[in-house]
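Beneath this line is the structure, given in structure tokens, with notes to follow.
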Amino acid sequence: MDEHDDIYPLARDDRESQRLNAQHQLIVKSCDNYLLDPSIPRHGIRSVADIATGTGIWLADFADELTTSALADTQFEFIGFDISALQFPTEVKPGFNFVVHNMTTPFPTQYHNRYDVVNVRLVFGAIPKEQYATVAKNLLAVLKPGGYITWTEFQLDSPHDIWPGPILSHLKSTLCDYLSSVNLSLAPMVEIRAAFEANKLQDIVARDFVSFRHPELATEAQVWLKAALGALNPTSLARLGRVGSMEAAVGKWLGYEREIEEAYEKGVVPACPVVSLVGKKEDSRGLVKRGVEEIWKVLTDGGWCVVQ
Ligand SMILES: C[S@@+](CC[C@H](N)C(=O)[O-])C[C@H]1O[C@@H](n2cnc3c(N)ncnc32)[C@H](O)[C@@H]1O
């Protein structure tokens with residue numbers, strides 16, 4: 001536990017781990033089965049960091065994809081960081097490491113400039129708006145020059161009618177009220193893009209996916225949303241002070257759950273809205289060039305710059 005759990009609304013028990021793992025499957029299918037954005041070159045990826053890794057499910061699946069197509073003697077390094085170890089896998093395979101670290105604070109220097117790919121997914125419930133710039137700076141410090149960062153979130157402000165009908169839209173507004181009440185962003189890509197641009201990331205690619213584009217995912221999306229709201233709604237109600245206790249919040253949720261099931265029986269289908277942003281860290285030549293430009297600005301006419 002940490003002071004950030006004042007705002008983070010999800011549990012870290014077995015049930016929540018199973019929910020995260022099932023959610024991962026739906027996200028990947030919604031993203032046209034891409035674990036990593038297709039704009040990122042696969043060749044040469046040897047070291048991968050997954051930030052706020054949770055159960056490490058993305059890292060495990062991406063490692064499978066990468067190692068299956070690699071030569072037998074290729075060495076890889078896979079690391080998952082999270083503020084809590086509670087959901088880390090119980091068995092850690094060779095080449096994997098799981099480390100407790102709060103991404104709002106700088107990573108120890110041993111991890112700096114070390115990873116070819118940094119992945120971060122679904123932290124909109126953990127980072128207050130004003131901390132995105134700091135978190136991005138911390139994540140970019142562990143990325144190798146020339147490496148790629150990929151950041152994926154749900155798009156609550158999707159232009160699609162993602163959670164149709166009165167009950168789902170009511171529950172969406174309760175969730176948004178909760179996020180706003182603790183200064184969490186409803187549109188995190190605005191903050192993430194600003195941070196990417198401020199850090200001069202290159203080759204920025206934005207994508208949005210929505211499970212509606214895959215009609216075969218309808219039932220999975222229904223199951224996902226009911227479970228996600230079940231994980232979020234009671235805490236949101238209790239923290240917003242709309243009920244007197246957590247017990248009362250759970251009771252209220254059970255009523256909402258019945259309403260959701262009735263809506264589903266009438267054919268209501270929600271969508272899983274995913275948005276992602278990819279950026280490339282300048283390579284060493286670019287970083288040196290920019291460093292020289294900064295020195296140039298402070299150097300007086302005829303001044304000397306000594307490089308040691
Ligand atoms: C919704 S889960 C997503 C897990 C995983 N990224 C996924 O997509 O399945 C959010 C994760 O962020 C972690 N987290 C929350 N605040 C954090 C922080 N300040 N630093 C690192 N991890 C954090 C939580 O412990 C949790 O594992």
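Along each principal axis, taking the top coordinate minus the bottom one, the Cα set of region 71-132 gives 44, 28, 20 Å in descending order. Post the alpha-carbon centroid distance, region 233-275 to region 76-147, in whole angstrom. Between the Cα centres of region 233-275 and region 76-147 lies a distance of 31 Å.
Quick one, could you list the DSSP H helices from the chain stretching 20 Å or more along their long axis (Cα atoms) with average Kyte-Doolittle hydropathy of 0.0 or above?
166-181, 218-240
Grab the beta carbon distance between Lys93 and Asn33, set R0 = 22 Å, and tell me the FRET efficiency rounded to 0.05. Once the sixth-power term is evaluated, E becomes 0.45.
Restricting things to alpha carbons, find the Rg to Rh ratio for region 169-272 using the Kirkwood radius for Rh. Ratio of gyration radius to Kirkwood radius for region 169-272: 1.07. For region 124-208, the dipole from Cβ point charges (+1 on Lys and Arg, -1 on Asp and Glu) about the Cα centre works out to 300 debye, to the nearest 20. Tyr264: net charge of surrounding residues, Cβ under 13 Å, Lys/Arg +1, Asp/Glu -1, itself excluded? With Lys, Arg at +1 and Asp, Glu at -1, the neighbours total -3.
Think of it as helices only: each DSSP H run of n ≥ 4 in the chain is worth -39500 (n - 2.57), and spread over all residues that comes to -13500 deg cm²/dmol at 222 nm. Using equal-weight Cα scatterers in the Debye expression, the normalised intensity of region 97-228 in log10 at q = 0.10, 0.14, 0.22 Å⁻¹ is -0.41, -0.76, -1.35. Which net charge results when you count Lys and Arg as +1 and Asp and Glu as -1 among the other residues whose beta-carbon is under 10 Å from that of Tyr178? The answer is +1. With 10 Å bins beginning at zero, the pair-distance distribution over Cα atoms of region 61-165 amounts to 11, 39, 32, 14, 3, 0 %. P(r) tail for region 49-96: Cα pairs beyond 13 Å make up 55% of the total.
Using only the alpha carbons of region 105-168, what is the convex hull's orientation-averaged projected area in square nanometres?
Mean projected area of the Cα convex hull: 5.9 nm².
Along its principal axes, region 1-130 has C-alpha extents of 45, 36, 31 angstrom, given from the largest down. If you take the alpha carbon atoms of region 213-286 and fit the smallest convex hull around them, that volume is 142 Å³ per residue. Here the scattering of region 164-207 is modelled by Debye summation over its C-alpha atoms, one equal scatterer each and no solvent; at q = 0.27, 0.33 Å⁻¹ the log10 of I(q)/I(0) is -0.90, -1.07.
Legend: ranking of residues Asp6, Asp50 from fewest to most surrounding C-beta atoms inside 10 Å; resulting order Asp6, Asp50. Relative to the compact globular guide of 2.2 N^0.38 Å, what is the alpha carbon radius of gyration of the chain, as a ratio? Cα Rg divided by the expected 2.2 N^0.38 Å: 1.09. Counted by Cβ distance under 14 Å from Trp163, the other residues give a net charge of -1, where Lys and Arg count +1 and Asp and Glu count -1.
Rule-based calculations on the coordinates, nothing more; no lab input. Predicted model only: the values in this text are computed from it and were never measured. Ideal geometry is used to build each Cβ from the backbone, glycine not excepted, and the neighbour counts take in all protein chains shown.
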